[in-house]
Amino acid sequence: MKTIRRLIYAEVLKAVAFVTLGFLSLFFFFDFVDELQSIGKPDSLGYGAAQALLYVALLIPSHLYELLPIAVLIGTIFVMTRLAQSSEFTILRTSGLGPWRALRTLLLLGLGFVVLTFAIGDYIAPASDRTAQLLKARYQGSLSLIGNTGAWLKERQGDSSFAVNVVSMARNGILKEPRILEFDGNGFLVSQTFAPAARVERGHWTLVGVERQQYNTRGPDAPRVVTTTVPVLDWPTSLSSEMVSVALLRPDRMRTLDLFDYIRHLDANGQTAQRYEIEFWRKVFYPLSCLVMIVLALPFAYLHFRQSGITTYVFGGVMIGISFFLLNNVFGYLGNLGNWSPWITAAAPGLIYSVMSLGAFTWLVLRR
């Protein structure tokens, strides 16, 4: 069985690597063509071909994370149909490779793809995507990543609440032009703090070149505005650099734990977290889609054909994979609009296709 396992694993890994390389090359070309319109603009601050190539290269881990399950499906279908067409799989079956043993063998390989997908999506892709976005923002004239107003965050501290605005985050983690609005328990504006830059430390922000305006609207000498300037100010807060990154960048590009911390922060401050909860559970269940793809590909090994080519079956696998990802995105939007349970919204596509693949496996292998 070790020889059979090595044979199947080697063939599947080579096919998946080939398919992945083809997809990544295609996306790299499309991304670079899309970036050509940004090269040489007067307001691009030196954004040339080299910077565009670096930016596109930094997007490769994100594309790899998105494409790995469908590459696993196409590569595994190609191997299974080729083994069936050449009758090699029939020989393997007579050598003791029963249906359930074949399923266990492929599921073990699928677990390896699950771990790889999780590692790329939770560690490599978020870091590279953040670097890519900050690199592009550095050369695009404006350092704002999500519009002219930047990101807005909210935090409660005792009876007071704070609305925090951050225009952007530099590559070294420095926050640009943070503005902190403080409100009392009745919702009245108490103070406004502005600084050109701030550094996020553990449990506090260090603001440099601070201008603070305190508003007195209910005292005996009201209305009154007191303006003070200090070179350095430490503002205690639980807002971390990861939370600011979530607000500035796309939530599906963040690490799972960072997204979980941000959801807890939104819940603690009375803000809606439906969208981020769906993204969190999608990141939890998305690597498991590699197992679904493996199970979907196994029934192709039990198809009996000799004359027809592999192209039709591989094309069918591509359509199945595309339909899975379309359904996954549709469920995400519908769950957000309909306020569905986040984990059910994220898990439903995988469960539907798992039932379909196990049904096809049972019908083709056990009933025929």
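The values are calculated or read from the model by the stated rules, or taken from the named source; none is laboratory data. The model shown is predicted, which means the values in this text are computed figures rather than measured ones. Here the Cβ positions follow ideal geometry from the backbone for every residue, glycine too, while neighbour counts run over all protein chains shown.
Miscellaneous remarks
- Criterion applied to 327, 351 was being surrounded by 12 or more Cβ atoms within 10 Å (Cβ to Cβ) and either touching a residue at least 24 places away in the same chain (Cβ under 8 Å) or farther than 22 Å from residue 277 by Cα (or both), and the one residue passing it is 327.
- Segments classed as helices (runs of 4 or more DSSP H), wholly inside the stretch 190-292, with at least 1 members that are at pLDDT 85 or above: 274-285
- Just one residue in the set 92, 181, 108 is more than 24 Å from the chain's Cα centre (by Cα), at pLDDT 85 or above and more than 29 Å from residue 268 (Cα to Cα); that residue is 108.
- Against the numbered list (1) under 20 Å from residue 261 (Cβ atoms); (2) buried (at least 20 other Cβ atoms within 10 Å of the Cβ); (3) at pLDDT below 75, residue 146 comes up short only at (2).
- Just one of the listed residues (25, 62) is crowded, with 20+ Cβ neighbours inside 10 Å, under 22 Å from the mean Cα position of the chain (by Cα), in a helix (DSSP H, G or I) and modelled with pLDDT of 85 or more, namely 62.
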